[in-house]
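**Q** Here's a structure for you.
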Amino acid sequence: MSSSSTMIAAAPWRTCVGTGRMDLTLRRDHRESLALVQREIGFGYIRGHGLLSDGMGVYRPYEWQGERRVHHAFTYVDQVIDSYLELGIRPFLELGFMPGELASGDQTVFWWGGNVTPPSSCREWVDLVRATVRHLVDRYGLDEVRTWPIEVWNEPNLPDFWEGADEHAYHRLYEMTAHTIKAIDASLQVGGPAVSPGADDWIGRFAAFAAAREVPVDFVSRHAYTSGPARHVPFGVHQTLGPAQGLLDQFGQPRRALKDTGLAHLPVHITEFNSSYRPDNPIHDTAFHAAYLAPVVTEGGEYADSFSYWTFSDMFEETGVPTALFHGGFGLLTHRQVKKPTYHLYAFMARTGEEVLARGADHLVTRHADGRVAVLAWAPVDTDGHRVRLSVPTGPGEVFTLRSSVDEERGNAYTAWRRMGSPLSPDLRRLDRLHEAAEPARTHGRETARDGMVDLDLALARHEVTLVEFDPVRDETPPWWDESRLLGGAP
């Protein structure tokens with residue numbers, strides 16, 4: 001059984017972004033980083049772990065007059081979601097992990113100890129879900145909460161995230177959770193199964209289970225990564241990477257698995273994606289990474305309704321507190337808001353237009369509603385001396401061009417940090433240098449269109465991602481202006 005989604009439409013590449021566990025939002029660095037991301041990129045939703053984990057303090061059993069009771073507290077939940085909404089971003093809720101005192105076992109995941117066992121009491125789990133969703137509806141209004149997707153659990157196909165990877169136990173959890181949510185309001189969105197790569201057989205069986213049991217499903221979710229097994233070094237890993245096309249193939253896999261099922265028409269949300277699934281892989285910090293993901297970010301909307309970059313910030317502690325400013329974290333930003341090359345890929349995308357005029361293996365040409373044109377281009381990974389030649393439809397007359405670029409040298413704080421000697425905790429002076437080094441290189445010019453077209457010839461450096469913006473020139477130079485007389489020469 002399924003119903004239509006009411007999720008607010010947004011460009012698939014920025015519909016959602018990931019974060020660490022939700023209580024990290026209580027920290028200043030996290031909020032400042034999210035504010036920057038929202039100003040320059042502007043994601044629609046944010047998804048993170050731990051809404052119901054002990055760190056959020058929702059499930060609070062106590063004893064009174066010899067009777068065990070449960071209090072549901074939302075002090076931190078309110079602070080976190082208030083912060084999101086103040087920054088113009090909505091929660092994409094993930095229900096998990098299990099509160100310690102409601103858990104049926106003591107298996108946990110991550111340094112911070114998210115419990116991954118089923119509930120010891122189905123009744124108390126249902127009460128917890130009901131109380132949480134009702135509180136959100138009461139506080140933020142039903143019309144608002146109807147736009148928030150609610151995902152049941154995270155990667156239950158993996159023993160690390162769901163005890164024994166017990167599929168039938170997950171189905172039971174999903175069923176009672178979905179019915180509880182729909183009993184509050186039938187238009188609230190619920191979905192899953194949020195499986196990791198390599199578990200697409202779960203998606204087909206999830207569809208069969210939903211049909212057989214008449215369980216409500218409003219969207220289907222999956223995760224996507226392309227890295228191989230981790231080779232560990234102290235405080236880090238090295239991994240092989242498959243081709244970036246592998247991410248797009250994974251984005252499309254749910255629709256293939258759902259074909260001819262009752263869920264075939266539903267939205268598909270990739271609620272986590274990245275190259276590596278490790279938060280300590282140095283590839284995340286590099287220009288290679290931006291160039292690697294450029295074709296994925298520009299084309300991913302052809303395969304899924306949304307795909308959520310995991311994560312916006314290095315404020316992330318699954319393997320412990322990071323030991324250096326650059327440590328291979330997932331984030332678009334390091335701690336203290338140093339921008340990585342992949343941040344600029346997203347910031348460049350935020351400056352492209354809504355209408356796609358052309359897309360190729362190394363470029364995207366777009367137009368804004370007011371007619372301005374923007375071209376995003378990138379060098380395929382591990383190539384040198386790449387060139388992109390395009391005829392761009394700018395309209396008649398002259399245009400002002402602004403080119404912004406990042407590569408191995410420019411707009412690359414990671415390269416600057418390595419040259420500094422890889423300081424683990426840079427002082428404020430060196431941190432300022434890194435912020436400066438992180439800014440893209442900018443060049444500008446003026447071109448005359450011929451038959452409404454401008455020929456663009458871009459020589460791209462190794463792992464360069466570049467944005468070229470075209471604005472019509474409206475010349476307002478006064479008639480008495482004479483550039484040759486700036487130093488007071490005779491008329």
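The values are calculated or read from the model by the stated rules, or taken from the named source; none is laboratory data. Keep in mind the model is a prediction, meaning the values are calculated, not measured. Note that each Cβ is placed from the backbone with ideal geometry, even for glycine, and that neighbours are counted across all protein chains shown. Surface accessibility is based on the protein's heavy atoms, side chains included, excluding ligands, DNA and RNA. Shrake-Rupley method; radii C 1.70, N 1.55, O 1.52, S 1.80 Å.
**Q** Need the list of aspartates and glutamates near Lys182 for cross-linking: C-alpha distance under 12 angstrom, and skip anything on the same chain fewer than eight residues off.
**A** Reachable aspartates and glutamates: Asp218.
**Q** Size of the dipole of the chain about the Cα centre, Lys and Arg at +1 and Asp and Glu at -1 on the beta carbon, nothing else charged, in debye to 20?
**A** On the way: 48 positive and 66 negative charges, 61 e Å.
Computed about the Cα centre, the dipole is about 300 debye.
**Q** Further question: Cα extents of segment 275-339 along the three principal axes, largest first, in whole Å?
**A** 38, 22, 19
**Q** Along the charge dipole of the chain, Cβ charges K/R +1 and D/E -1, which of Trp417, Gly50, His223 sits furthest on the positive end?
**A** Working it through, the farthest residue towards the positive pole turns out to be Trp417.
**Q** For the full complex of protein chains and a 1.4 angstrom probe, list Glu155, Glu86, Glu101 by accessible area with the highest value first.
**A** Ranking Glu155, Glu86, Glu101 by accessible area, largest first, yields Glu86, Glu101, Glu155.
**Q** Using per-residue counts of other Cβ atoms within 10 Å, averaged over each peptide, order 479-488, 137-146 from highest down.
**A** Going from most to least packed, we get 137-146, 479-488.
**Q** On to the next question. Decide, for segment 196-343, between rounded, prolate and oblate: order the square roots of the alpha carbon gyration tensor eigenvalues as a ≥ b ≥ c, take rounded if a/c falls under 1.5, and otherwise choose prolate if a/b is larger than b/c, else oblate.
**A** It comes out prolate by the Cα gyration axes.
**Q** Shifting gears a bit: Quick one: of the DSSP bridges fully inside the chain, what percent are antiparallel, nearest 5?
**A** Roughly 70 percent of the DSSP beta bridges within the chain come out antiparallel.
**Q** Accessible area per residue, 1.4 Å probe, Å², for the chain: what's the number?
**A** 42
**Q** Probe radius 1.4 Å, ligands and nucleic acids ignored: give me the carbon and sulfur share of the accessible area of the chain as a rounded percent.
**A** Working: 10210 of 20680 Å².
That fraction is 49 percent.
**Q** For the chain, what is the relative contact order in percent, using Cα pairs closer than 8 Å and at least 6 residues apart in sequence?
**A** Over the chain, the number comes to 14 percent.
**Q** Just need the relative contact order of segment 363-488 here, percent rounded to a whole number, with Cα pairs under 8 Å and 6+ apart. Mind dumping the intermediate values first?
**A** Working: 227 pairs, mean separation 54.1, N = 126.
About 43 percent, as a whole number.
**Q** May I pose another question? Using a 7 Å offset from Cα along Cα-Cβ at Ala35, what residues in segment 338-364 end up with backbone N under 18 Å from the label point?
**A** 338-339
**Q** I need the calculated FRET efficiency for the pair Arg205 and Trp481, taking r as the beta carbon distance and R₀ as 60 Å, to the nearest 0.05.
**A** Numbers: r = 73 Å, r/R0 = 1.21.
The pair Arg205/Trp481 has a calculated efficiency of 0.25.
**Q** Here is a further query. Arranged from highest to lowest average of other beta-carbon atoms within 10 Å per residue, in what order do the peptides 117-123, 127-133 appear? Kindly include the intermediate steps, with their values, before the conclusion.
**A** Working: 117-123: 15.1, 127-133: 20.3.
Most protected by this proxy first, the peptides run 127-133, 117-123.
**Q** Ignoring everything but the protein chains, give the 1.4 Å probe accessible area of Phe110 in square angstrom, nearest 10.
**A** Counting only protein heavy atoms, the figure is 50 Å².
**Q** Moving on. Per the helix-only calculation at 222 nm, which mean residue ellipticity applies to the chain, given -39500 (n - 2.57) for every DSSP H run of n ≥ 4 and division by its residues, nearest 500 deg cm²/dmol?
**A** Working: 11 runs with 133 residues, N = 491.
The helix-only estimate for the chain comes to -8500 deg cm²/dmol at 222 nm.
**Q** Using a cut-off of 11 Å between beta-carbons, work out the net charge of the residues near Ile184 (Lys and Arg +1, Asp and Glu -1, Ile184 not included). Before the final figure, lay out the partial values.
**A** On the way: positive: Arg130, Arg134, Arg146, Lys182; negative: Asp138, Asp185.
After counting each charged neighbour, the total is +2.
**Q** Taking the Cα centre of segment 50-120 as the origin, how large is its charge dipole in debye, to the nearest 20, when only Lys and Arg (+1) and Asp and Glu (-1) carry charge on their Cβ atoms?
**A** So the magnitude is around 100 debye.
**Q** So which aspartates and glutamates pass the test for Lys259, namely a Cα distance under 14 Å, with those fewer than 8 places away in the same chain ruled out?
**A** Excluding near neighbours in sequence, the set is Asp200, Asp201.
**Q** What is segment 190-247's relative contact order, in percent, from Cα pairs under 8 angstrom and six or more apart in sequence?
**A** Rounded, it is 34 percent for segment 190-247.
**Q** How long are the semi-axes of the equivalent ellipsoid of the chain, taking √(5λ) for every eigenvalue λ of the Cα gyration tensor, in whole Å from largest down?
**A** Numbers: eigenvalues 386, 125, 97 Å².
Semi-axis lengths for the chain are 44, 25, 22 Å.
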